[in-house]
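The values are calculated or read from the model by the stated rules, or taken from the named source; none is laboratory data. Everything quoted here is computed from the prediction, not taken from an experiment. Glycine also receives a Cβ, built like all others from the backbone with ideal geometry; neighbour counts cover every protein chain displayed.
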Amino acid sequence: MAVFPAPRLPVLLLCLVTGLAAIASPAVVGVAASPAPPPTFAGPTSSSAGPLPAPASPAPPRRSAGERPAPPPPPPPITGTAYTPELPRAGPSPPPQADRFAWPLAPPHPVVRPFDAPASPYGPGHRGVDLGGPAGAPVLSAGAGVVVFAGQLAGRGVVSVDHPNGLRTTYEPLAPAVKAGQKVAAGTVLGRLRPGHAGCPGACLHWGVRRGKEYLDPLAFMAVGHVRLKPWKEVR
């Protein structure tokens with residue numbers, strides 16, 4: 001009988017481990033397994049797939065019962081230069097009640113020549129208004145004041161009255177019935193209308209108003225009444 005030597009213990013253990021590894025992982029023996037391909041992003045390849053859906057908005061945070069909502073953020077500050085539209089200019093305002101006058105002639109008193117302000121203190125113009133009326137008609141003070149002149153000036157009768165509002169009224173031609181220094185009220189008879197006013201075919205009262213050296217339109221100071229402009233032939 002042949003006698004075989006007994007196998008060594010390490011060799012048996014190596015064979016056992018190798019067999020178990022072959023059973024658990026077949027890829028160890030033979031060709032090594034290839035690595036898995038990396039993932040790819042599949043985007044839209046054609047219009048048939050349609051537009052991508054919009055990302056969903058985050059849901060607002062839930063508030064507990066009785067909690068007030070947060071106030072909205074303040075608007076951004078406005079910078080720059082503000083635009084102010086230009087408003088239309090208003091006409092001259094009427095004079096105050098203290099500066100208003102009454103008519104110096106009883107009606108009818110048509111305006112046969114209006115006021116025409118001169119361009120310079122000595123330039124041409126018409127420094128007053130001419131009111132038509134019958135010769136001998138009473139000439140009335142347009143307002144309360146003090147007579148500062150009553151007499152003849154360059155061959156015509158003239159009366160001037162200073163008023164508390166700083167204005168001076170002048171009346172010509174007339175036969176004066178007052179004297180300088182006399183106080184008068186509105187409507188006081190200053191004299192009687194005389195014919196012969198230059199440029200007037202009939203009897204006309206030249207009525208002037210000035211403040212200092214500045215001549216003003218008397219009709220701008222009228223309290224009541226209707227201004228009528230008539231041609232020369234209607235006042236003869």
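Please work out if LEU190 is closer than 30 Å to SER120 by Cα, modelled with pLDDT of 95 or more, crowded, with 20+ Cβ neighbours inside 10 Å and not hydroxyl-bearing (Ser, Thr, Tyr). In short, no.
Considering every residue within region 201-217, establish whether at least one is closer than 20 Å to VAL111 by Cβ, surrounded by 15 or more Cβ atoms within 10 Å (Cβ to Cβ) and among the hydroxyl-bearing types (Ser, Thr, Tyr). For region 201-217, residues closer than 20 Å to VAL111 by Cβ, surrounded by 15 or more Cβ atoms within 10 Å (Cβ to Cβ) and among the hydroxyl-bearing types (Ser, Thr, Tyr): present. Output yes when any residue across region 118-139 is crowded, with 20+ Cβ neighbours inside 10 Å and modelled with pLDDT of 95 or more, and no when none is. Yes, because at least one residue in region 118-139 is crowded, with 20+ Cβ neighbours inside 10 Å and modelled with pLDDT of 95 or more.
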